[in-house]
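Read through the structure below, which is laid out as structure tokens, and then see the notes.
Derivation of every value follows stated rules applied to the coordinates shown; laboratory data play no part. No experiment lies behind these values; they were computed from the predicted model shown.
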Amino acid sequence: MPRPLRIGMIGCGAIAEQHLRAATSLDDVAVVGVCDLSPVTAEWMAERFATTPFVRHAELLDQGLDVVHVLTPPSSHVALARDALAAGAHVLVEKPIAADAAEAAALLDDAAAAGRRVVEHQNYRFNDEVLAVGDLLASGRLGDPLELEVRIALDVTGDDRFANASLTSPVAHLRGGVIRDFLPHMAGLVVLLLGDGPVEVRSARWSNRSGIAGLGADALDARAETDGGVTVGLSFSAAAKPECFRILLRGTAGLVEVDLFQPYRRVEVARGPQVLSPLTNLVVNGTTMVLDAGRGLRSKVLQRGTYHGVARFLDAFYDAVRHGGPGPLPPDEVLATARLVDALAAGAAGDPS
Amino acid sequence: MILFVTGAGGFLGRAVVDAARAAGHDVRALVRDPARWSGPAPDDHLRLVAGDLRAAGPWTEALDGVDVVVHLAATKAGDLHSQFAGTVVGTERLLAALAERPPTRLVHVSTFSVYDYDRLAVGAVLDEDAALVARPETRDEYCQTKLVQERLVRRFAAEATTEVVVVRPGAVWGPGELWDGGGLVGLGPGRTLVVGPRGALKLTYVTNCAEAIVAAATAPGAAGATLNVVDDDPPTPRRFAAALGAAGLQVPRGVPVPYGLVAGVAALLAALNRRFAGGRAKLPGIVVPAKLAAWAKPLRYPNDRARTVLGWRPRLDLDAAARDCADRSGSTS
């Protein structure tokens, strides 16, 4: 039996819950400890996931860890990742990995010099629906990609961390405000599906429609184009209903549309005789949607939610740590994601420092 | 005395501020946004302190010279981590501030939700000696976070010089919070499911409850005590709805269903869940045994200890409370 991989997690907020659930579901993984500046938070999470609490991250890093997850607010990501590298660990950093692409590149260089891996956690890459889009594209049934649209509608206005004037908003100072937190996911999907080549942002309209200053921007409508001529639309809305995380990829031979929040798939491709294709597509997609509704209900009851890609991402990263290989996300794609985020955020209000 | 009240802008907090002033105390009321304060205008005896326990801020300086801290602030909505941050991390920060500026007494307002209803037989007495929840994961976020919060306060009590009183109110009702007249699940317009129609509701009228909390701030024998606060003669859902109706307050019509029937269905579903889904299936709370028991198991709720230790009497009986509630809701017909 292999020695269990020794894991430590810094930061015990809501996302740590997903990392801990995923890590503890995997074989040959030992979560050695969790760390939070709030002692009661570290203790509570440690109790629930049968591990050891730490308040000082240096003490956690002294435990001889193979992998450290950095799950703290973004401003501390790079410093903590460097400390973890210095302790000899591989590092998985929640998105955004760094404040900008230059900082991300420097961190990745440090990791390479130390012979360790640093990766940005982009869990949605491993959701069923995203994998299906990737498979369909790779199969050639969509032809060559022409347009990619990634649209998130999510009501973030009720989140007390942003709307409460007594609290320091964790994002108000960032270019792009609360949306900045979602950009790595959106940009990461562009990189995943269209490659890590240059993407030129043609326009990016940022606005705050809710009037809640702590959110920074809460709406984005951006258009971009890859060096291969594929047009890209990225949009975020805190006001639009129903909430969605939709990906639409249109190619020269067909299209696929999926949603990650209320999972469904719509695929329009050549099916059978050309004259019957539109009708066949309607029948096939109608049937698929009915089945997707059943699957959705089952997932809801069994609590298999939007975060189901986390365990796959972690598994792929841990596997690369043990055995080598590309891992879930190569450094070039981490950088390409950060560059696209920078380009999109360049037009947004906020203090980049 | 000077009382520092956290969560003063909330439903119970507002009533505690009123009760404290009525009892002749000076109040420093911690509120997130003073612009949204709907209580009496600040004066020499009432000072609004802007702040949030989750963040460091000048609110800690307002603890200088305080005799008693009444801690009501908690987050009751949102996911587990939001509630944990608001309820537990906020308390952690408050207790750290109290260690720097120790008051004579801390009145911690906990909840009936921390009790383990699953372990009590139908008809049993639930008093302060009842066991606390052993498996928090079977209960809702509010229970889970209030349990950790109370544990934190008890640890503080063991180490600090400050006296600690833990008050556990039942279901606090009043203007804007009528608990659907004892209904558990809405059944469409004007109808609600009443599970266990013959069981008592662990109710306390907001004014009565606030007066108990203020009494806990000063009662000499209360130090170190844990006190359940419910009103006298807890009513059945039908009696509660009738009192509200007689006062002109609108509540949905109750559709009664025996507790044993729903508990049986819940037990069956729990067994199926364990058998076929490894216990992972998330079902509505009404068919989750531990949650159902907490919400609707028919039990008896004495208030002897609070009456004895605090010298408190629920001033308004059910009918008087309903009339007071209607007057203050402006909806008397």
Open item on the list: Quick query: amide H of residue B:255 versus all other amide H atoms, modeled in the peptide plane; which residues come in under 5 Å with a sequence gap of 5 or more or a different chain?
Closed with: B:192, B:193, B:194
TODO: In a Gaussian network model over chain A where Cα atoms closer than 10 Å are linked, find which of A:224, A:343, A:112 has the largest mean-square fluctuation.
DONE: A:112
- [ ] Using a 10 angstrom cutoff on alpha carbons, build the Gaussian network for chain B and name the most mobile of B:123, B:188, B:90.
- [x] B:188
Task: Hull shadow area, averaged, chain B [alpha-carbon convex hull, nm²] - done: 16.9
TODO: When a/c is below 1.5 the answer is rounded, else prolate if a/b is larger than b/c, else oblate, so apply that to the range B:18-65 with a ≥ b ≥ c taken from the square roots of the Cα gyration tensor eigenvalues.
DONE: oblate
Task: Euclidean distance between Cα centres, the range A:31-63 to the range A:260-278, Å - done: 48
TODO: Using a 10 angstrom cutoff on alpha carbons, build the Gaussian network for chain A and name the most mobile of A:45, A:289, A:186.
DONE: A:289
Open item on the list: Averaged across orientations, what area in nm² does the convex hull of the alpha carbons in the protein assembly as shown project?
Closed with: 33.5
Task: ³J(HN,Hα) computed for each position of the range A:309-325 - Karplus, 6.51 cos²θ - 1.76 cosθ + 1.60, integer Hz, glycine/proline x - done: x, 4, 4, 5, 4, 4, 4, 5, 5, 4, 5, 5, 5, 6, 10, x, x
Task: Derived scalar couplings ³J(HN,Hα) [the range B:294-305; Karplus, 6.51 cos²θ - 1.76 cosθ + 1.60; whole Hz; x for Gly, Pro] - done: 5, 8, 9, 4, x, 9, 10, 10, x, 10, 4, 5
- [ ] Take the alpha carbon gyration tensor of the range A:125-307, find the square roots of its eigenvalues, order them as a ≥ b ≥ c, and report rounded if a/c is under 1.5; if not, report prolate when a/b exceeds b/c, else oblate.
- [x] oblate
TODO: Rounded to the nearest 500, what is the 222 nm mean residue ellipticity of chain B from helices alone, with -39500 (n - 2.57) per DSSP H run of 4+ residues and division by all residues?
DONE: -10500 deg cm²/dmol
- [ ] For the range A:220-233, take each phi angle, set θ = phi - 60°, evaluate the Karplus expression 6.51 cos²θ - 1.76 cosθ + 1.60, and give the result in whole Hz per residue in order, putting x for glycine and proline.
- [x] 9, 9, 10, 10, 8, 8, 7, 5, x, x, 7, 7, 10, x
TODO: Identify all lysines with a Cα-Cα distance to residue B:202 below 25 Å; exclude those on the same chain that are fewer than 8 residues away in sequence.
DONE: B:76, B:146, B:291, B:297
Task: Sequence-distant residues sharing a close amide H with residue B:231 (under 5 Å, placed H) - done: B:203, B:204, B:205
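Tell me whether chain A comes out rounded, prolate or oblate; compute the Cα gyration tensor, take square roots of the eigenvalues as a ≥ b ≥ c, and use a/c under 1.5 as the rounded threshold. The partial results should precede the final answer.
Details: a/c = 1.62, a/b = 1.39, b/c = 1.16.
It comes out prolate by the Cα gyration axes.
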Task: Amide H partners (placed H, <5 Å) of residue B:48, local residues excluded - done: B:29
